[in-house]
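First the structure, in the form of structure tokens, and then the observations on it.
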Amino acid sequence: STISKDSLKTSLLQLECHFTWALLKEDVGLEALEETILDHIKFVVEYNIRDYNILSYVCHLKNSNEEALRNLRKAEEAIQKHHPGEIARRSLVTWGNYAWVYYHMQRYEEAQTYVSKVENSCKKLSCTAHGKIQLPEIYAEQGWALLRFGRNYYERAKHCFENALQSDPNDRDFNAGYATVMYRLEDCAERYGDERTPCLEALRRAVELNPEDTTIKALLALKLQRLKQDEEGERYIEEGLQKTPDFPVFLRHAAIFYRKKGKVNKAVEILKKALALTPNSVVLHHQLGLCYRFKINQLKKSRYASEEEVENLIQLAIFHFKTVIDKKPVFFTAYSDLANAYALGKRYEEAEEIFQEVLQRNDLPSEDKQDIYFNYGNFQHSHMKSELKAIKYYIECLKIKKYSNARKRCSEAVETLLKQKIDSGLGDATDIGTLALVHNLNGKKQEAIECYKNAIALDPSNEEYQNALAELQLPT
């Protein structure tokens, strides 16, 4: 063809669309993401354009470019319906995606046509700076797309919504996106020990601008619950149950609220309703599994629990956690949930298999790995009754330097185990040497030096301890 592939590629890279936003398929379960978007399309009509755009990209990632084109046509229909007066401005992302899909299908003429459509519209709209398209709604669409790809993308999503808000600080959608990403960043901070980001103000502002949005209200309720302001939070949840009783996204947050409040039967009831509406939702399966686990632990504490009831709940928990990892293999925390459910049912080989399977994955992020080592250590200690192995896996967690909640808990668990042994007089040089290693991994140099000296006193010929001590005593 007359079009040079290289100059086409250069123009394609200038476009603002899903293909240029560095959204990597290894960070999501494609099947689960596709289900999520299809569910959203069914229940939230006003964002269909955005949903069809990202769906087209997901189809491309699954190697079905024809399907991608079909979804882009649906996006175009939605644009004509919702924005008949601003077709060009609202079509830039869709046209960009078209250009890329055609390029991947080696239909270069058609790709070039869409590149030209975008370039000509941008000239008329004067919306570019340094060759990059800068429109607030495109920043927002990028922000929402990044949110769908998981926690590695939240910082970037936050910047997108900040950029969008600069042009229009009162836009409901931009504020909702900003509040959502701030909430999720704080969620991650809780779990992985990152910097805390205050999200309360952003949530209140988004609710104020759009009181009809029950999803944002539910996030505000969950945030208030964390701040021990349950009563105000519960008002928003009850209001949402009245306003949008059949909206699965809201129902999921409402269920989390009640589970954390300890009203687990109410949470289960809500989740079952949501699951009837969107049977393939991974998050709903995961939440149900967590509810059943909560109930199992409650029953195990009570004297009146029947074996049968407990066994039945264990089967349910296993079923739901298994569904999660089948549908979304990168949902890493669910592996520990599943393994622990097997362990509760005394199915230890299956538990062991799940732990091994996930620990052998090479795409496991370090903070998830720490979390799994913590759970594996607990499994070895409480179910397999092996203190030695528990200590070994807690230490594996500590060898990963990243600070996280799981790392902190491993550190506490392994110190408790070792100190109990040592204080009761049952500890030998190995235990003291191991405690020295723990202190060293935690950067407690003085404590490590003391322990190594004590270990050497008991086992003078141990070269490992002598070398470790010498290294610690080197002048820094």
- Item | Which listed residue, of ASN405, ASN378, is within 30 Å of ILE432 (Cβ to Cβ) and modelled with pLDDT under 95 | ASN405
- Considering every residue within the stretch 430-444, establish whether at least one is farther than 29 Å from GLU367 by Cα and not in a helix (DSSP H, G or I). no
- Pairs returned, first residue in the stretch 399-424 that is over 10 Å from GLN370 (Cα atoms), second residue that is part of a helix (DSSP H, G or I) and among the small types (Gly, Ala, Ser), beta-carbon separation under 8 angstrom, 6 or more apart or interchain, are ALA413/GLY377; ALA413/ALA390; VAL414/GLY377; VAL414/ALA390; LEU417/ALA390
- Task: Kindly indicate the residue of the stretch 51-82 that is closer than 20 Å to LEU24 by Cβ and in contact with a Lys or Arg (Cβ under 7 Å, 6 or more places away or on another chain) and also surrounded by the fewest Cβ atoms within 10 Å (Cβ to Cβ) among those meeting that condition.
- Result: LEU61
- Could you tell me whether the stretch 159-170 includes any residue that is touching a Gly at 6+ places or on another chain (Cβ under 8 Å), assigned to a helix (DSSP H, G or I) and closer than 24 Å to ILE256 by Cβ? yes
- Odd one out for SER386 among (1) in contact with a helix residue (DSSP H, G or I) (Cβ under 7 Å, 6 or more places away or on another chain); (2) within 30 Å of CYS188 (Cα to Cα): (2)
- Does any residue in the stretch 282-304 that is farther than 14 Å from GLN315 by Cα and at pLDDT 90 or above come within less than 6 Å, Cβ to Cβ, of a residue that is not in a helix (DSSP H, G or I) and not charged (D, E, K, R) six or more places away or on a different chain, and which pairs are these? LEU299/ALA305
- Note on the structure: Here the residues within the stretch 1-20 that are outside any helix (DSSP H, G or I) and surrounded by fewer than 20 Cβ atoms within 10 Å (Cβ to Cβ) are SER1, THR2, ILE3, SER4
- (1) farther than 30 Å from SER404 by Cα; (2) of a type in the set (Phe, Trp, Tyr); (3) out of contact with any Gly (no Cβ under 8 Å at 6 or more places or on another chain) all hold for TYR114 apart from (3)
- Query: Under 6 Å by Cβ, and 6 or more places apart or on different chains, what pairs join a residue from the stretch 329-354 that is more than 16 Å from PHE294 (Cα to Cα) with one that is open to solvent by 10 Å² or more (accessible area, probe 1.4 Å) and among the hydroxyl-bearing types (Ser, Thr, Tyr)?
  - Reply: GLU350/TYR342; ALA351/TYR342
- Message: Let me confirm something: among LEU203, LEU185, which residue is in a helix (DSSP H, G or I), more than 27 Å from LYS25 (Cβ to Cβ) and free of Cβ contacts under 8 Å to residues at least 40 places away in the same chain?
- Response: LEU203
- Total residues in the stretch 21-36, condition buried (at least 18 other Cβ atoms within 10 Å of the Cβ) and assigned to a helix (DSSP H, G or I): 5
- May I ask you to say which residue of TYR153, TYR98 is over 22 Å from THR180 (Cβ atoms), touching an Asp or Glu at 6+ places or on another chain (Cβ under 9 Å) and modelled with pLDDT of 95 or more? TYR98
- Task: Could you please tell me which pairs satisfy a Cβ distance under 7 Å, a separation of 6+ or placement on different chains, a first residue in the stretch 375-398 that is within 18 Å of LEU344 (Cβ to Cβ), and a second residue that is open to solvent by 60 Å² or more (accessible area, probe 1.4 Å)?
- Result: GLN380/LYS389; HIS381/GLU387; HIS383/TYR348; MET384/TYR348; ALA390/HIS381
- Message: Just the residues that are in contact (Cβ under 8 Å) with a residue 24 or more places away in the chain and over 22 Å from TYR403 (Cβ atoms), please, taken from the stretch 431-453.
- Response: ILE432, GLY433, ILE449
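The values are calculated or read from the model by the stated rules, or taken from the named source; none is laboratory data. Quick caveat: nothing in here was measured; it's all calculated off a predicted structure. As a convention, Cβ positions derive from the backbone with ideal geometry for all residues, glycine included, and neighbour counts pool all protein chains shown. Each accessible area value is taken on the protein alone, full model and side chains, heavy atoms only, with ligands, DNA and RNA left out. Shrake-Rupley method; radii C 1.70, N 1.55, O 1.52, S 1.80 Å.
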